[in-house]
């Protein structure tokens, strides 16, 4: 065991009471022991004793104190400059420690359209959880119209959905773009046929989304169905993508679905892509939030992170599938 004595500088750092430095700095800034005591809420003899202990510990006279005279010595001026720096460092340290210990917590409620497939969103959620494990999330599947209403009413943190029209009370940012195609299930007579033309679909029964209307968010899909001249009578509707897919697979009729979402179904033989193959309609999915809502820290961090990731990612990389793959 090394029992060699500490160098004087290290011994001073070990033994010095930091409160003595703070007392000294306050007294210097106050310009007298009496006013320094008042600032610190202590008695004058207590302050005088503290200054004496500091001078004894340093072995230097720090303040030339005589009746009507209060002046720093050269050692006192040097110590005061260092004491100010030390006090500032301690204050900054307190702020840093507080920020480290204050975990971001709180609950984030997201209203989300059914079966949103977006790698950028998935990456954002994963990064948020890794950075803020104390925060919790709930993703509540909702029709896009109801999701927007929930944002307006402050019932959710923000929404990820289709947008029919923009409200001046809300803010919007396009999250991604997807393309829709027409599909049929294994029991449909068109399943597996690669020789079909768009005109062959005329008069066929169909299923679709509730929002598949000229006046709603899926207007481009409505125009595609009209172009195919499908039977005007839609035999099955749902606001939920999984249920529209179910009806198509079950053979109720031809229906629209996002191409990238059902790519695996096509590869596995559960769905078949029908015309039009070229130039499918594009639909944008947005992040929608209320700028007047008072978000907790978790809500604020997640929304900020998502918007920053959108800003940093070109729309071409947020288009599914890539336009040239259709």
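FYI, it's all coordinate maths here, none of it is from the lab. As the structure is a prediction and not an experimental result, all values here were calculated from the model. Neighbour counts are summed over all protein chains in view; Cβ atoms, including those assigned to glycine, are modelled from backbone coordinates with ideal geometry.
Values for this structure:
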{"item": "Gap separating the Cα centres of the range 184-232 and the range 250-268, nearest whole Å", "result": "12"}
{"item": "Normalised contact order of the chain, rounded percent, pairs of Cα under 8 Å and 6 or more residues apart", "result": "20"}
{"item": "Reported label for calculated Cα Rg over 2.2 N^0.38 Å given (1) 1.06; (2) 1.77; (3) 1.23", "result": "(2)"}
{"item": "Among 292, 66, 169: highest mean-square fluctuation, GNM of the chain, C-alpha pairs under 10 Å", "result": "66"}
{"item": "Taking 248, 310 and counting other C-beta atoms within 10 Å, the order from fewest to most", "result": "310, 248"}
{"item": "R0 of 35 Å, Cβ-Cβ distance residue 312-residue 215: FRET efficiency to nearest 0.05", "result": "0.50"}
{"item": "Crossing angle, helix 119-131 versus the chain [Cα axis fit, 0-90 degrees, rounded to tens]", "result": "30"}
{"item": "Sum of -39500 (n - 2.57) over DSSP H runs of 4+, divided by residues of the chain (222 nm, nearest 500)", "result": "-13000 deg cm²/dmol"}
{"item": "Net length gained if the chain between residue 229 and residue 164 were fully extended (0.36 nm per residue, minus Cα distance)", "result": "21.0 nm"}
{"item": "Among beta bridges that DSSP assigns inside the chain, antiparallel share in %, nearest 5", "result": "55"}
{"item": "Angle between the chain longest axis and helix 44-58 axis [Cα atoms, degrees, rounded to 10]", "result": "90"}
{"item": "Max mean-square fluctuation residue, GNM over the chain, Cα-Cα springs under 10 Å, options 241, 196, 307", "result": "196"}
{"item": "Separation of the residue 138 and residue 77 label points, Cα + 7 Å toward Cβ, nm", "result": "6.7"}
{"item": "Relative contact order (%) - criterion: Cα under 8 Å, at least six apart; region: the range 176-282", "result": "47"}
{"item": "Relative contact order of the range 95-208, defined on C-alpha pairs under 8 angstrom at six or more residues apart (%)", "result": "26"}
{"item": "The chain: angle of helix 74-101 to the longest principal axis, Cα-based, in degrees nearest 10", "result": "30"}
{"item": "Proxy reagent accessibility, fewest Cβ within 10 Å first, across 304, 164", "result": "304, 164"}
{"item": "Cα-projected label distance for residue 58 with residue 294, points at 7 Å along beta-carbon direction, nm", "result": "4.9"}
